[in-house]
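Nothing in this text is a laboratory measurement; each read-out follows from the coordinates by a stated rule. These figures come from a predicted structure and were not determined experimentally. Because the Cβ atoms are built from the backbone with ideal geometry, glycine has one as well, and the counts that use them run over all protein chains shown.
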Amino acid sequence: MEIAVWDTYVTKKDGTIMHFDIMVPAIMKDADTVYNYGRAYLKSKNQEGQPLASKECTFCHIEKAQPHIEAAVNKDGYFIYEMENC
């Protein structure tokens, strides 16, 4: 499966920066859907209400999904790859 990687930086409520990727099927072109996935993730991290739109989240590249990522995307529609301060 080919996935689109959306590079995301969100300022947390404590002022630190969260860095994570939102991974979706490569055919996904609707940025608002990607942002909504990111907002759902923020809510799960008690960061609900923090800004997440084109300034914070941009398309980066397309890559081949690893099996565990492909399984999550098939199940949930997206996968969050946590990198910093998540």
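Taking label points 7 Å from Cα along the Cα-to-Cβ direction, residue 13 and residue 85 give a separation of 1.5 nm.
Coupling constants for region 53-67 follow from the phi torsions by the Karplus curve (6.51 cos²θ - 1.76 cosθ + 1.60, θ = phi - 60°), and in residue order they are 8, 4, 5, 9, 9, 10, 4, 10, 6, 10, 9, 7, 6, 5, x Hz; glycine and proline get x. Of 12/55; 29/55; 43/64; 12/64, which ones are farther than 21 Å apart at the Cα? Pairs exceeding the cut-off: 43/64; 12/64. Among the GluC sites (Glu not before Pro) in region 3-71, those located in a DSSP loop and surrounded by at most 15 other Cβ atoms within 10 Å of their own Cβ are 48.
Under a 5 Å amide H cut-off, with hydrogens placed 1.01 Å from N, residue 26 pairs with 2, 3, 4 among residues at least 5 apart or on other chains. Here region 2-84 is described by how far its Cα atoms reach on the three principal axes: 35, 22, 19 Å, from widest to narrowest.
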